[in-house]
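Below: the structure, in C-alpha coordinates.
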Amino acid sequence: MTAPTLVDFDEVVERFDPTLGLEVHVELNTNTKMFCGCPTEFGAEPNTQVCPVCLGLPGALPVVNRAAVESAMRIGLALNCTIAPWGRFARKNYFYPDMPKNFQTSQYDEPIAVDGWLDVELEDGSTVRVEIERAHMEEDTGKSLHVGGATGRIHGAEYSLLDYNRAGVPLIEIVTKTIPGTGARAPEVARAYVTALRDLLRALDVSDVRMEQGSLRCDVNLSLAPKGSGALGTRTETKNVNSLRSVERAVRHEMSRQAGVLLAGGEIVQETRHFEEQGGTTRAGRRKETSEDYRYFPEPDLVPIAPSAEWVEELRATLPELPWARRRRIAGEWGLSPEELRDLVNAGALDLVEATVAAGATAGEARSWWVAYLAQQANSRGVELRDLPITPEQVARVIALVASGALNNKLARQVVDGVLAGEGSPDDVVAARGLAVVSDDGALVAAVDEALAAQPDVVEKIRGGKVQAAGAIVGAVMKATGGKADAKRVRELILERVQSA
(Lines give C-alpha, C1' and ligand atoms only; values in the text may rest on other atoms or scores of the structure.)
Protein backbone atom coordinates (compact mmCIF):
# COMPACT_ATOMS: atom_id res chain seq x y z
CA MET A 1 0.00 0.00 0.00
CA THR A 2 1.36 3.39 -1.01
CA ALA A 3 2.04 5.74 1.89
CA PRO A 4 -0.23 8.81 1.87
CA THR A 5 1.16 12.20 1.02
CA LEU A 6 1.75 14.21 4.17
CA VAL A 7 -0.11 17.50 4.23
CA ASP A 8 1.62 20.68 5.35
CA PHE A 9 0.72 21.33 8.98
CA ASP A 10 -0.65 24.82 8.32
CA GLU A 11 -3.01 23.42 5.69
CA VAL A 12 -4.13 20.68 8.09
CA VAL A 13 -5.30 23.19 10.70
CA GLU A 14 -6.95 25.34 8.02
CA ARG A 15 -9.08 22.43 6.80
CA PHE A 16 -9.52 20.13 9.81
CA ASP A 17 -10.26 20.20 13.54
CA PRO A 18 -8.14 17.74 15.55
CA THR A 19 -9.43 15.95 18.63
CA LEU A 20 -6.97 14.50 21.11
CA GLY A 21 -7.26 11.75 23.66
CA LEU A 22 -4.33 10.66 25.79
CA GLU A 23 -3.85 7.46 27.78
CA VAL A 24 -0.85 7.47 30.09
CA HIS A 25 0.40 4.26 31.70
CA VAL A 26 2.35 4.77 34.92
CA GLU A 27 4.40 2.05 36.58
CA LEU A 28 4.22 2.52 40.34
CA ASN A 29 7.36 2.43 42.47
CA THR A 30 6.08 -0.13 44.95
CA ASN A 31 8.58 -2.65 46.26
CA THR A 32 6.52 -5.59 45.08
CA LYS A 33 4.19 -6.40 42.21
CA MET A 34 0.46 -5.74 42.00
CA PHE A 35 -0.75 -9.20 42.99
CA CYS A 36 2.28 -11.03 44.37
CA GLY A 37 5.41 -10.51 46.43
CA CYS A 38 7.94 -10.46 43.58
CA PRO A 39 10.31 -7.46 43.53
CA THR A 40 9.97 -4.74 40.90
CA GLU A 41 13.59 -3.65 40.50
CA PHE A 42 14.36 -2.40 36.99
CA GLY A 43 17.19 -4.04 35.08
CA ALA A 44 17.39 -7.36 36.92
CA GLU A 45 18.47 -10.48 35.06
CA PRO A 46 15.61 -11.74 32.85
CA ASN A 47 13.01 -13.95 34.51
CA THR A 48 14.56 -13.70 37.99
CA GLN A 49 11.67 -11.72 39.51
CA VAL A 50 8.80 -14.09 38.82
CA CYS A 51 6.61 -16.54 40.70
CA PRO A 52 3.59 -18.76 39.99
CA VAL A 53 1.21 -15.79 40.43
CA CYS A 54 2.77 -13.40 37.91
CA LEU A 55 3.49 -16.30 35.56
CA GLY A 56 -0.16 -17.33 35.68
CA LEU A 57 0.49 -20.91 36.72
CA PRO A 58 -2.53 -23.07 37.58
CA GLY A 59 -3.76 -22.75 41.15
CA ALA A 60 -1.84 -19.53 41.92
CA LEU A 61 -4.02 -16.92 43.65
CA PRO A 62 -3.43 -13.15 43.54
CA VAL A 63 -3.50 -10.76 46.53
CA VAL A 64 -3.92 -6.99 46.01
CA ASN A 65 -0.97 -4.75 46.89
CA ARG A 66 -2.29 -2.19 49.42
CA ALA A 67 0.48 0.30 48.67
CA ALA A 68 -0.49 0.26 44.98
CA VAL A 69 -4.12 0.94 45.86
CA GLU A 70 -3.09 3.88 48.02
CA SER A 71 -0.91 5.27 45.23
CA ALA A 72 -3.81 4.96 42.81
CA MET A 73 -6.10 6.84 45.17
CA ARG A 74 -3.53 9.60 45.75
CA ILE A 75 -3.12 9.99 41.98
CA GLY A 76 -6.88 10.24 41.59
CA LEU A 77 -7.15 12.85 44.34
CA ALA A 78 -4.32 14.92 42.88
CA LEU A 79 -6.16 14.85 39.54
CA ASN A 80 -9.35 16.17 41.20
CA CYS A 81 -11.11 12.86 40.64
CA THR A 82 -13.85 11.25 42.70
CA ILE A 83 -12.61 8.12 44.45
CA ALA A 84 -15.13 5.36 43.87
CA PRO A 85 -16.54 3.83 47.08
CA TRP A 86 -16.71 0.45 45.37
CA GLY A 87 -14.74 -1.09 42.55
CA ARG A 88 -13.73 -4.45 41.16
CA PHE A 89 -10.95 -5.93 39.09
CA ALA A 90 -11.76 -7.61 35.81
CA ARG A 91 -10.10 -9.97 33.39
CA LYS A 92 -9.20 -8.36 30.06
CA ASN A 93 -8.82 -11.31 27.74
CA TYR A 94 -6.38 -11.28 24.86
CA PHE A 95 -3.46 -13.38 23.70
CA TYR A 96 0.03 -11.99 23.38
CA PRO A 97 3.28 -13.81 24.20
CA ASP A 98 4.34 -11.32 26.90
CA MET A 99 1.04 -11.81 28.77
CA PRO A 100 1.64 -15.18 30.47
CA LYS A 101 -1.93 -15.58 31.78
CA ASN A 102 -3.53 -14.74 28.41
CA PHE A 103 -5.51 -12.10 30.25
CA GLN A 104 -4.62 -8.89 32.04
CA THR A 105 -6.02 -8.17 35.48
CA SER A 106 -7.38 -4.66 35.12
CA GLN A 107 -10.39 -2.51 35.96
CA TYR A 108 -13.14 -2.10 33.43
CA ASP A 109 -16.49 -0.54 34.37
CA GLU A 110 -15.63 0.13 38.02
CA PRO A 111 -12.34 2.10 38.13
CA ILE A 112 -10.82 3.49 41.31
CA ALA A 113 -11.03 7.18 40.25
CA VAL A 114 -13.31 9.04 37.83
CA ASP A 115 -14.23 12.52 36.53
CA GLY A 116 -11.22 14.69 37.24
CA TRP A 117 -9.24 17.42 35.54
CA LEU A 118 -5.75 18.85 35.21
CA ASP A 119 -4.98 22.44 34.25
CA VAL A 120 -2.05 22.52 31.83
CA GLU A 121 0.05 25.63 31.27
CA LEU A 122 1.39 26.24 27.77
CA GLU A 123 4.56 28.06 26.72
CA ASP A 124 2.83 31.44 26.39
CA GLY A 125 1.35 31.21 29.89
CA SER A 126 -2.18 30.29 28.74
CA THR A 127 -3.94 27.36 30.40
CA VAL A 128 -5.87 24.42 28.95
CA ARG A 129 -8.07 22.30 31.19
CA VAL A 130 -7.76 18.62 30.31
CA GLU A 131 -10.63 16.58 31.71
CA ILE A 132 -9.82 13.15 33.12
CA GLU A 133 -12.29 10.35 32.41
CA ARG A 134 -10.77 7.75 34.71
CA ALA A 135 -7.68 6.41 36.43
CA HIS A 136 -7.72 2.66 36.91
CA MET A 137 -5.44 -0.01 38.31
CA GLU A 138 -4.00 -2.89 36.36
CA GLU A 139 -0.82 -4.91 35.92
CA ASP A 140 1.96 -4.48 33.40
CA THR A 141 2.88 -7.09 30.80
CA GLY A 142 6.20 -8.81 30.26
CA LYS A 143 8.66 -7.69 27.64
CA SER A 144 9.47 -9.21 24.25
CA LEU A 145 12.91 -8.92 22.70
CA HIS A 146 12.94 -9.58 18.96
CA VAL A 147 16.37 -10.70 17.82
CA GLY A 148 17.61 -10.23 14.27
CA GLY A 149 16.11 -8.00 11.61
CA ALA A 150 16.71 -4.30 11.14
CA THR A 151 14.02 -2.71 13.29
CA GLY A 152 14.06 -4.62 16.58
CA ARG A 153 10.41 -5.47 15.97
CA ILE A 154 8.88 -8.89 15.36
CA HIS A 155 8.69 -8.37 11.59
CA GLY A 156 11.88 -9.74 10.12
CA ALA A 157 13.22 -11.08 13.43
CA GLU A 158 14.92 -14.46 13.57
CA TYR A 159 13.49 -15.31 16.99
CA SER A 160 12.02 -13.66 20.09
CA LEU A 161 12.94 -13.82 23.77
CA LEU A 162 10.53 -13.17 26.64
CA ASP A 163 11.31 -11.56 29.98
CA TYR A 164 8.50 -11.78 32.51
CA ASN A 165 10.15 -9.64 35.20
CA ARG A 166 7.84 -6.75 34.33
CA ALA A 167 4.71 -8.92 34.23
CA GLY A 168 2.55 -7.98 37.20
CA VAL A 169 4.23 -4.65 38.02
CA PRO A 170 1.53 -2.24 39.28
CA LEU A 171 0.22 0.11 36.61
CA ILE A 172 -2.14 3.05 36.72
CA GLU A 173 -3.73 4.02 33.43
CA ILE A 174 -4.90 7.64 33.31
CA VAL A 175 -7.37 8.29 30.50
CA THR A 176 -8.44 11.76 29.39
CA LYS A 177 -11.78 12.64 27.95
CA THR A 178 -11.64 13.90 24.36
CA ILE A 179 -9.73 17.17 24.11
CA PRO A 180 -11.31 19.24 21.32
CA GLY A 181 -10.59 22.79 20.24
CA THR A 182 -6.80 22.68 20.38
CA GLY A 183 -6.32 23.43 16.67
CA ALA A 184 -2.73 24.18 15.70
CA ARG A 185 -1.67 23.79 19.32
CA ALA A 186 -2.70 20.14 19.58
CA PRO A 187 0.93 18.86 19.54
CA GLU A 188 1.91 21.42 22.18
CA VAL A 189 -1.10 20.62 24.36
CA ALA A 190 -0.31 16.89 24.23
CA ARG A 191 3.30 17.45 25.28
CA ALA A 192 2.36 19.96 27.97
CA TYR A 193 -0.22 17.57 29.45
CA VAL A 194 2.20 14.64 29.67
CA THR A 195 4.84 16.99 31.10
CA ALA A 196 2.47 18.29 33.78
CA LEU A 197 1.29 14.77 34.60
CA ARG A 198 4.88 13.53 34.90
CA ASP A 199 5.73 16.42 37.24
CA LEU A 200 2.65 15.70 39.36
CA LEU A 201 3.43 11.98 39.64
CA ARG A 202 7.02 12.76 40.60
CA ALA A 203 5.82 15.16 43.30
CA LEU A 204 3.50 12.45 44.63
CA ASP A 205 6.50 10.07 44.73
CA VAL A 206 4.43 7.23 43.30
CA SER A 207 6.66 6.52 40.28
CA ASP A 208 10.10 7.36 38.99
CA VAL A 209 8.34 8.39 35.71
CA ARG A 210 11.37 7.49 33.60
CA MET A 211 9.96 7.48 30.10
CA GLU A 212 13.20 6.07 28.67
CA GLN A 213 12.77 2.99 30.92
CA GLY A 214 9.07 2.61 30.16
CA SER A 215 7.76 3.52 33.61
CA LEU A 216 5.68 6.25 31.97
CA ARG A 217 4.28 5.59 28.51
CA CYS A 218 1.73 7.53 26.49
CA ASP A 219 -0.81 6.29 23.95
CA VAL A 220 -1.83 9.12 21.63
CA ASN A 221 -5.38 9.00 20.23
CA LEU A 222 -6.05 11.43 17.42
CA SER A 223 -8.80 12.08 14.92
CA LEU A 224 -9.57 14.77 12.37
CA ALA A 225 -12.93 16.17 11.30
CA PRO A 226 -13.78 18.79 8.67
CA LYS A 227 -13.24 22.31 9.94
CA GLY A 228 -16.23 23.61 11.86
CA SER A 229 -18.26 20.40 11.53
CA GLY A 230 -18.31 19.66 15.25
CA ALA A 231 -18.03 15.96 14.39
CA LEU A 232 -15.58 13.37 15.67
CA GLY A 233 -13.47 11.58 13.10
CA THR A 234 -12.19 8.02 13.21
CA ARG A 235 -9.28 7.83 15.63
CA THR A 236 -5.96 6.09 15.59
CA GLU A 237 -4.00 5.15 18.70
CA THR A 238 -0.23 5.54 18.56
CA LYS A 239 1.05 3.20 21.25
CA ASN A 240 3.76 3.48 23.90
CA VAL A 241 5.29 6.81 22.96
CA ASN A 242 8.16 7.17 25.38
CA SER A 243 9.45 10.74 25.38
CA LEU A 244 7.90 14.19 25.67
CA ARG A 245 9.33 15.25 22.33
CA SER A 246 7.97 12.11 20.69
CA VAL A 247 4.46 12.78 22.03
CA GLU A 248 4.50 16.14 20.27
CA ARG A 249 5.96 14.69 17.07
CA ALA A 250 3.47 11.80 17.03
CA VAL A 251 0.50 14.19 17.18
CA ARG A 252 1.93 16.42 14.46
CA HIS A 253 2.69 13.49 12.16
CA GLU A 254 -0.69 11.83 12.63
CA MET A 255 -2.46 15.11 11.85
CA SER A 256 -0.48 15.46 8.60
CA ARG A 257 -0.87 11.78 7.70
CA GLN A 258 -4.60 11.58 8.37
CA ALA A 259 -5.20 14.79 6.42
CA GLY A 260 -3.36 13.24 3.48
CA VAL A 261 -5.60 10.17 3.59
CA LEU A 262 -8.81 12.20 3.85
CA LEU A 263 -7.91 14.71 1.14
CA ALA A 264 -7.06 11.82 -1.18
CA GLY A 265 -10.59 10.47 -0.69
CA GLY A 266 -9.60 7.66 1.64
CA GLU A 267 -10.90 6.64 5.03
CA ILE A 268 -9.04 6.51 8.32
CA VAL A 269 -8.73 2.99 9.71
CA GLN A 270 -9.32 2.63 13.45
CA GLU A 271 -6.06 0.96 14.41
CA THR A 272 -3.08 1.03 16.68
CA ARG A 273 0.08 2.57 15.29
CA HIS A 274 3.73 2.53 16.28
CA PHE A 275 5.89 5.63 16.51
CA GLU A 276 9.21 5.53 14.67
CA GLU A 277 11.73 7.64 16.59
CA GLN A 278 14.23 8.00 13.78
CA GLY A 279 11.91 9.61 11.26
CA GLY A 280 9.23 10.96 13.59
CA THR A 281 6.58 8.96 11.73
CA THR A 282 3.96 6.35 12.64
CA ARG A 283 3.27 3.01 11.02
CA ALA A 284 0.27 0.72 11.14
CA GLY A 285 0.01 -1.91 13.86
CA ARG A 286 -3.17 -3.88 14.30
CA ARG A 287 -6.84 -3.09 13.92
CA LYS A 288 -8.08 -1.49 17.14
CA GLU A 289 -10.30 -3.73 19.24
CA THR A 290 -13.41 -2.54 21.01
CA SER A 291 -14.15 -3.34 24.64
CA GLU A 292 -16.40 -6.20 23.54
CA ASP A 293 -13.43 -7.89 21.89
CA TYR A 294 -11.70 -8.21 25.25
CA ARG A 295 -14.60 -10.17 26.82
CA TYR A 296 -14.25 -8.45 30.19
CA PHE A 297 -15.67 -10.23 33.19
CA PRO A 298 -15.18 -9.73 36.96
CA GLU A 299 -12.01 -11.28 38.38
CA PRO A 300 -13.29 -14.14 40.57
CA ASP A 301 -10.08 -14.45 42.62
CA LEU A 302 -10.02 -10.89 44.00
CA VAL A 303 -12.37 -9.18 46.44
CA PRO A 304 -13.77 -5.75 45.49
CA ILE A 305 -11.95 -2.57 46.51
CA ALA A 306 -14.12 -0.48 48.86
CA PRO A 307 -12.14 2.45 50.30
CA SER A 308 -13.82 4.15 53.23
CA ALA A 309 -14.35 7.92 53.32
CA GLU A 310 -11.92 8.09 56.25
CA TRP A 311 -9.20 6.32 54.27
CA VAL A 312 -9.71 8.68 51.33
CA GLU A 313 -9.38 11.74 53.57
CA GLU A 314 -6.26 10.33 55.24
CA LEU A 315 -4.66 10.01 51.82
CA ARG A 316 -5.87 13.46 50.74
CA ALA A 317 -3.96 14.90 53.71
CA THR A 318 -0.71 13.39 52.34
CA LEU A 319 -0.86 15.24 49.01
CA PRO A 320 2.17 17.49 48.52
CA GLU A 321 2.28 21.06 47.28
CA LEU A 322 1.38 20.89 43.58
CA PRO A 323 4.36 21.39 41.26
CA TRP A 324 3.03 24.53 39.57
CA ALA A 325 2.13 26.14 42.91
CA ARG A 326 5.58 25.26 44.22
CA ARG A 327 7.23 26.82 41.17
CA ARG A 328 5.34 30.06 41.65
CA ARG A 329 6.38 30.13 45.30
CA ILE A 330 10.02 29.42 44.54
CA ALA A 331 10.13 31.99 41.74
CA GLY A 332 8.86 34.61 44.18
CA GLU A 333 11.25 33.62 46.96
CA TRP A 334 14.30 33.51 44.69
CA GLY A 335 13.34 36.44 42.47
CA LEU A 336 13.37 34.36 39.29
CA SER A 337 12.05 35.60 35.97
CA PRO A 338 9.70 33.28 34.03
CA GLU A 339 12.59 32.51 31.66
CA GLU A 340 14.97 31.62 34.51
CA LEU A 341 12.34 29.40 36.10
CA ARG A 342 11.66 27.67 32.78
CA ASP A 343 15.40 27.01 32.31
CA LEU A 344 15.56 25.41 35.76
CA VAL A 345 12.56 23.21 35.08
CA ASN A 346 13.69 22.21 31.58
CA ALA A 347 17.12 21.27 32.93
CA GLY A 348 15.53 19.05 35.58
CA ALA A 349 17.35 21.14 38.18
CA LEU A 350 14.58 22.66 40.29
CA ASP A 351 14.45 19.94 42.94
CA LEU A 352 18.23 19.74 43.06
CA VAL A 353 18.66 23.49 43.47
CA GLU A 354 15.99 23.62 46.16
CA ALA A 355 17.69 20.80 48.08
CA THR A 356 21.06 22.57 47.72
CA VAL A 357 19.56 25.77 49.12
CA ALA A 358 18.06 23.77 51.99
CA ALA A 359 21.58 22.50 52.71
CA GLY A 360 22.82 26.05 53.22
CA ALA A 361 23.76 27.43 49.78
CA THR A 362 22.42 30.62 48.26
CA ALA A 363 19.89 30.20 45.45
CA GLY A 364 22.13 32.00 42.97
CA GLU A 365 25.18 29.84 43.63
CA ALA A 366 23.13 26.65 43.64
CA ARG A 367 21.52 27.55 40.32
CA SER A 368 24.88 28.42 38.81
CA TRP A 369 26.41 25.05 39.70
CA TRP A 370 23.50 22.84 38.66
CA VAL A 371 22.41 24.64 35.47
CA ALA A 372 25.93 25.38 34.21
CA TYR A 373 28.85 23.15 35.22
CA LEU A 374 26.91 20.10 36.45
CA ALA A 375 24.50 20.22 33.52
CA GLN A 376 27.53 20.10 31.22
CA GLN A 377 28.85 17.08 33.10
CA ALA A 378 25.49 15.30 32.83
CA ASN A 379 25.31 16.03 29.12
CA SER A 380 28.84 14.73 28.49
CA ARG A 381 28.00 11.52 30.38
CA GLY A 382 24.66 11.09 28.63
CA VAL A 383 22.68 10.94 31.89
CA GLU A 384 19.96 12.96 33.57
CA LEU A 385 21.13 15.68 35.94
CA ARG A 386 19.60 13.87 38.91
CA ASP A 387 21.60 10.74 38.06
CA LEU A 388 24.99 12.39 38.53
CA PRO A 389 26.88 10.82 41.49
CA ILE A 390 26.84 14.01 43.54
CA THR A 391 24.27 15.13 46.09
CA PRO A 392 22.82 18.58 46.76
CA GLU A 393 24.48 18.46 50.18
CA GLN A 394 27.87 17.89 48.55
CA VAL A 395 27.32 20.77 46.14
CA ALA A 396 26.35 23.00 49.07
CA ARG A 397 29.58 21.99 50.84
CA VAL A 398 31.66 23.00 47.80
CA ILE A 399 29.86 26.34 47.70
CA ALA A 400 30.58 26.83 51.42
CA LEU A 401 34.29 26.08 50.89
CA VAL A 402 34.44 28.73 48.17
CA ALA A 403 32.61 31.24 50.35
CA SER A 404 35.06 30.64 53.21
CA GLY A 405 38.05 31.21 50.95
CA ALA A 406 39.27 27.63 51.27
CA LEU A 407 38.68 27.11 47.52
CA ASN A 408 38.54 29.32 44.49
CA ASN A 409 36.22 28.62 41.56
CA LYS A 410 38.85 26.73 39.57
CA LEU A 411 39.73 24.48 42.49
CA ALA A 412 36.03 24.03 43.29
CA ARG A 413 35.46 22.53 39.84
CA GLN A 414 38.31 20.10 40.45
CA VAL A 415 36.71 19.13 43.76
CA VAL A 416 33.38 18.50 42.03
CA ASP A 417 35.19 16.42 39.40
CA GLY A 418 36.68 14.35 42.21
CA VAL A 419 33.30 13.75 43.82
CA LEU A 420 31.87 12.74 40.44
CA ALA A 421 34.78 10.34 40.00
CA GLY A 422 33.89 8.59 43.25
CA GLU A 423 36.77 9.94 45.32
CA GLY A 424 34.61 10.71 48.34
CA SER A 425 33.14 13.83 49.88
CA PRO A 426 34.32 17.34 48.91
CA ASP A 427 36.54 17.48 52.01
CA ASP A 428 38.01 14.07 51.15
CA VAL A 429 38.85 15.27 47.63
CA VAL A 430 40.40 18.52 48.90
CA ALA A 431 42.65 16.57 51.27
CA ALA A 432 43.57 13.80 48.85
CA ARG A 433 44.33 16.11 45.92
CA GLY A 434 45.85 18.91 47.99
CA LEU A 435 43.47 21.45 46.53
CA ALA A 436 43.19 23.96 49.36
CA VAL A 437 43.82 27.58 48.44
CA VAL A 438 47.31 28.88 49.26
CA SER A 439 46.55 31.55 51.85
CA ASP A 440 49.97 31.86 53.48
CA ASP A 441 51.19 35.39 52.72
CA GLY A 442 54.79 34.28 52.87
CA ALA A 443 54.41 31.89 49.97
CA LEU A 444 52.21 34.33 48.04
CA VAL A 445 54.64 37.25 48.49
CA ALA A 446 57.48 35.18 47.08
CA ALA A 447 55.38 34.26 44.03
CA VAL A 448 54.23 37.88 43.59
CA ASP A 449 57.80 39.26 43.77
CA GLU A 450 58.95 36.71 41.21
CA ALA A 451 56.15 37.64 38.83
CA LEU A 452 56.79 41.39 39.29
CA ALA A 453 60.48 40.92 38.57
CA ALA A 454 59.67 39.02 35.38
CA GLN A 455 57.36 41.76 34.03
CA PRO A 456 58.87 45.20 34.80
CA ASP A 457 56.86 46.84 32.02
CA VAL A 458 53.63 45.79 33.72
CA VAL A 459 54.94 47.15 37.02
CA GLU A 460 55.50 50.55 35.38
CA LYS A 461 51.95 50.55 34.01
CA ILE A 462 50.56 49.85 37.48
CA ARG A 463 52.67 52.66 38.95
CA GLY A 464 51.36 54.93 36.20
CA GLY A 465 47.80 54.36 37.35
CA LYS A 466 46.75 51.49 35.08
CA VAL A 467 45.66 49.26 37.95
CA GLN A 468 43.87 46.87 35.61
CA ALA A 469 47.29 45.82 34.32
CA ALA A 470 47.69 43.90 37.59
CA GLY A 471 45.63 41.15 35.99
CA ALA A 472 48.68 39.94 34.08
CA ILE A 473 50.63 39.55 37.31
CA VAL A 474 47.68 37.81 38.98
CA GLY A 475 47.58 35.34 36.10
CA ALA A 476 51.30 34.63 36.42
CA VAL A 477 50.98 33.99 40.17
CA MET A 478 48.00 31.72 39.66
CA LYS A 479 49.96 29.73 37.09
CA ALA A 480 52.96 29.49 39.41
CA THR A 481 50.81 28.20 42.27
CA GLY A 482 48.85 25.72 40.13
CA GLY A 483 45.70 27.80 40.47
CA LYS A 484 45.69 27.41 44.24
CA ALA A 485 46.25 31.06 45.18
CA ASP A 486 43.51 33.34 46.45
CA ALA A 487 43.24 35.68 43.48
CA LYS A 488 41.77 38.50 45.54
CA ARG A 489 44.62 38.34 48.06
CA VAL A 490 47.19 38.10 45.25
CA ARG A 491 45.86 41.31 43.72
CA GLU A 492 46.05 43.07 47.07
CA LEU A 493 49.65 41.98 47.53
CA ILE A 494 50.62 43.08 44.02
CA LEU A 495 49.32 46.61 44.62
CA GLU A 496 50.98 46.74 48.02
CA ARG A 497 54.36 45.60 46.67
CA VAL A 498 54.30 47.96 43.70
CA GLN A 499 53.30 50.98 45.76
CA SER A 500 55.92 50.28 48.44
CA ALA A 501 58.77 49.67 46.01
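The values are calculated or read from the model by the stated rules, or taken from the named source; none is laboratory data. None of these values were measured; they are calculated from a predicted model. Positions of Cβ are generated from backbone atoms using ideal geometry, with glycine treated the same way; all protein chains shown enter the neighbour counts. For the accessible areas, the whole protein counts, side chains as well, though only heavy atoms, and no ligand, DNA or RNA atoms are used. Shrake-Rupley method; radii C 1.70, N 1.55, O 1.52, S 1.80 Å.
For the reader, a short list of remarks on this structure follows.
- Ratio of Rg to Rh for the stretch 269-421: 1.19 [Cα atoms; Kirkwood radius as inverse mean 1/r over pairs].
- The mean sequence separation of alpha-carbon pairs under 8 Å and at least six residues apart, normalised by the residue count of the stretch 9-310, gives a relative contact order of 24 percent.
- Largest to smallest accessible area among Glu333, Glu27, Glu139, Glu11 [probe 1.4 Å]: Glu333, Glu11, Glu27, Glu139
- For the listed peptides 268-279, 185-196, 396-407, a ranking on the average number of other beta carbons within 10 Å per residue, highest first, reads 185-196, 396-407, 268-279.
- Filter on Lys143/Lys177; Lys92/Lys239; Lys143/Lys239 - keep pairs with C-alpha separation over 24 Å: Lys143/Lys177
- Check: the chain dipole with +1 on Lys, Arg Cβ and -1 on Asp, Glu Cβ, in debye: 640
- Remark: accessible surface ordering of Glu158, Glu237 (largest first) is Glu158, Glu237, probe radius 1.4 Å.
- For the stretch 9-310, with +1 on Lys and Arg beta carbons and -1 on Asp and Glu, the positive-most of Pro100, Ala184, Ser223 along the dipole: Pro100
- Solvent-accessible surface of the chain, taken per residue with a 1.4 Å probe and all protein chains present: 48 Å².
- For Leu322, nonlocal amide neighbours, meaning residues 5 or more places apart or on other chains whose placed amide H falls under 5 Å from its own, do not occur.
- Share antiparallel - DSSP beta bridges, the chain, percent rounded to 5: 95
- Cα-based helix-to-principal-axis angle, 470-480 vs the chain, degrees rounded to 10: 80
- Axis of helix 66-78 versus longest Cα principal axis of the chain: the two differ by about 80°, to the nearest ten degrees.
- Centroid-to-centroid separation of the stretch 308-368 and the stretch 123-201 [C-alpha atoms, Å]: 26
- Accessible-area composition of the chain, carbon plus sulfur, in percent [1.4 Å probe]: 51
- The coefficient of translational diffusion for the stretch 21-97, derived via Stokes-Einstein from the alpha carbon Kirkwood radius under 37 °C and 0.692 mPa s, stands at 221 µm²/s.
- Evaluating 6.51 cos²θ - 1.76 cosθ + 1.60 at θ = phi - 60° for every residue in the stretch 319-331, the Karplus couplings come out as 5, x, 4, 5, x, 6, 5, 4, 4, 4, 5, 5, 4 Hz, glycine and proline recorded as x.
- Here the stretch 1-131 is assigned +1 on the Cβ of each Lys and Arg and -1 on the Cβ of each Asp and Glu. Its dipole about the Cα centre then comes out at about 1200 debye.
- Electrostatic dipole magnitude of the stretch 280-337 [Cβ: Lys, Arg +1; Asp, Glu -1; Cα centre; debye, to 20]: 660
- Rounded to 10°, Cα long-axis angle of helix 441-454 versus longest principal axis of the chain: 80
- Straight-distance crosslink candidates among aspartates and glutamates, where the alpha carbon sits under 19 Å from Lys227 and sequence neighbours closer than 8 are dropped: Asp8, Asp10, Glu11, Glu14, Asp17, Glu254, Glu267
- Distant-in-sequence amide H partners of Asp17 (H built 1.01 Å from N, under 5 Å): Ala225, Lys227, Gly228
- Distant-in-sequence amide H partners of Asn47 (H built 1.01 Å from N, under 5 Å): Tyr164, Asn165
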